[in-house]
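Each remark here refers to the structure printed beneath this line.
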Amino acid sequence: MNLPHDASSPARLSDGPFGSATAAALDEADLIDGFGVDVAATLAWAVGAGAARSDGRSLADDWSFLAAVASRDVGAARILEPHLDALDILDQARRDGYEIDLASIQADVESSWGVFAAEGAGTRLEAGANGSGWRLAGTKPWCSLARHLSHALVTAWVGDERRLFAVALQRPEVSPHTGPWHARGLPQVVSAPVDFAAAPAVPVGEPGWYLRRPGFAAGGIGVAACWWGGALPIRDALIHAARREGADQLSRVHLARVDAALWTARLALRSAAHQTEGLPVASHPGTSAARVRTIVAGAVETTLAESARALGPLPLVADETHARRVADLEIYLRQHHGERDLARIGADITEGLGAW
């Protein structure tokens, strides 16, 4: 899996290095066949990539890494991102002074992680403590790759508040559903409910900490970096089309619209990385993160729409890699909630939050 990792790569948001160990792991991995990523191999690679990250890296380095992976394959980035997010959450909890007994759920440096924080109508996951520790009971929706992962960070209700827990997934008390998952995009990354029947769990932070922590906003922007990186090869396809003999001005118009949208998204990501790095640890730039996600999502949607007009149906039916990338991005982008996220930004502004 040869991914760009030098300073000249268009997927870079900063001039900092990824770290030689991570670059070597990227160069040596072979995760993709003609039909997408191998989930088990990609998870094993993600575990190694997470362990190889440098302590001195910046947010821009992390987001550049995610974007570079997505530019090679969107599915690989979709598998990598939650694992790295979980590692960052655990690191932040330790820095905030919380003790986490991961050994009690057999979690170690070889563990593969997901983050399951979605809520759904008619489902509820609750946590309760007894003499033997905390237990999770109920159903959690939208749990990606639960059948493949060794562990996950899961939000559960404790009374009227949500609290984060670490849980081992490969246990008899944990039953991942196989679907429904009829998606044409990201077909290997099954996101389905999981039933927990008094599954042992370890608390991570106090009630409410997961949503209040400063890193929550940065994690959301990391997903946007994947969207952005995933769209870059589509821009490349438009460049190729505009350079063909006989290409007309319309091909350049479509290219320019995509280029301007993705360039703006890149600036938003770079600005967010710079601003977030400089904020006090207690800050929670939620409105700014929502703005960045909205800008990036809009740029990728522009890319998909303009490329469909510029390139026509041929690459969607004759180019497996292009067709898979478009389908993967269509599904991945639904992690952005569109007008609901805009309404949330508008509410913050009307309440005097989210100043420029």
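Looking only at the stretch 50-67, how many residues end up being more than 12 Å from Gly222 (Cα to Cα) and either of a type in the set (S, T, N, Q) or assigned to a loop (DSSP other than H, G, I, E, B) (or both)?
Total meeting the criteria: 6.
Any residue that is in a strand (DSSP E or B) and buried (at least 20 other Cβ atoms within 10 Å of the Cβ) - is there at least one of those in the stretch 121-129?
yes
From Val37, Val115, Val47, Val69, grab the single residue that is assigned by TED's automatic domain parsing to the domain that holds Ser144 and out of contact with any Phe, Trp or Tyr (no Cβ under 6 Å at 6 or more places or on another chain).
The conditions single out Val115.
Can you pull out the residues in the stretch 146-177 that are touching a residue at least 40 places away in the same chain (Cβ under 8 Å), assigned to a strand (DSSP E or B) and of a type in the set (A, V, I, L, M)?
Across the stretch 146-177, the qualifying residues are Ala152, Leu153, Val154, Ala156, Val158, Leu164, Ala166, Val167, Ala168.
Name the pairs whose Cβ atoms lie under 9 Å apart, with the first residue in the stretch 230-258 and more than 17 Å from Ala70 (Cα to Cα), the second of a type outside the set (A, V, I, L, M, F, W, C) and loosely packed, with under 14 Cβ neighbours inside 10 Å, and 6 or more positions between them or separate chains?
That search, which allows pairs on different chains as well, returns Leu250/Arg309; Ser251/Arg243; Ser251/Arg244; His254/Arg309.
This table checks each residue for (1) at pLDDT below 95; (2) on the phi > 0 side of the Ramachandran plot; (3) of a type outside the set (Lys, Arg).
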| site | (1), (2), (3) |
| --- | --- |
| Arg72 | yes, no, no |
| His83 | no, no, yes |
| Leu87 | no, no, yes |
| Leu90 | no, no, yes |
| Asp96 | yes, no, yes |
| Ala103 | no, no, yes |
| Val109 | no, no, yes |
| Gly120 | yes, no, yes |
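Taking the stretch 184-198 as the region of interest, how many residues are in a loop (DSSP other than H, G, I, E, B) and crowded, with 17+ Cβ neighbours inside 10 Å?
5
Pairs under 7 Å by beta carbon, first residue on the phi > 0 side of the Ramachandran plot and touching a residue at least 40 places away in the same chain (Cβ under 8 Å) in the stretch 182-207, partner surrounded by fewer than 20 Cβ atoms within 10 Å (Cβ to Cβ) and assigned to a strand (DSSP E or B), six or more apart or different chains?
If the second residue must be surrounded by fewer than 20 Cβ atoms within 10 Å (Cβ to Cβ) and assigned to a strand (DSSP E or B), the pairs left are Ala198/Ala137.
Just checking, which of Gly222, Gly229 is touching a Leu at 6+ places or on another chain (Cβ under 8 Å), within 26 Å of Ala168 (Cβ to Cβ) and not assigned by TED's automatic domain parsing to the domain that holds Glu126?
Gly222
Yes or no, residue by residue, for (1) free of Cβ contacts under 8 Å to residues at least 12 places away in the same chain; (2) loosely packed, with under 13 Cβ neighbours inside 10 Å; (3) outside any helix (DSSP H, G or I); (4) more than 25 Å from the chain's Cα centre (by Cα):
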{"residue": "Ser307", "(1), (2), (3), (4)": "no, no, no, no"}
{"residue": "Ala310", "(1), (2), (3), (4)": "no, no, no, yes"}
{"residue": "Pro315", "(1), (2), (3), (4)": "no, no, no, yes"}
{"residue": "His322", "(1), (2), (3), (4)": "no, no, no, no"}
{"residue": "Val326", "(1), (2), (3), (4)": "no, no, no, no"}
{"residue": "Glu330", "(1), (2), (3), (4)": "no, no, no, no"}
{"residue": "Arg334", "(1), (2), (3), (4)": "yes, yes, no, no"}
{"residue": "Ala343", "(1), (2), (3), (4)": "yes, yes, no, no"}
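Any residue that is in contact with a strand residue (DSSP E or B) (Cβ under 8 Å, 6 or more places away or on another chain) and within 23 Å of Arg78 (Cβ to Cβ) - is there at least one of those in the stretch 122-133?
For the stretch 122-133, residues in contact with a strand residue (DSSP E or B) (Cβ under 8 Å, 6 or more places away or on another chain) and within 23 Å of Arg78 (Cβ to Cβ): present.
The values are calculated or read from the model by the stated rules, or taken from the named source; none is laboratory data. Treat the numbers as computed from the prediction; the structure is a model and nothing was measured. Please note: Cβ atoms are built from the backbone with ideal geometry, for glycine as well, and neighbour counts cover all protein chains shown.
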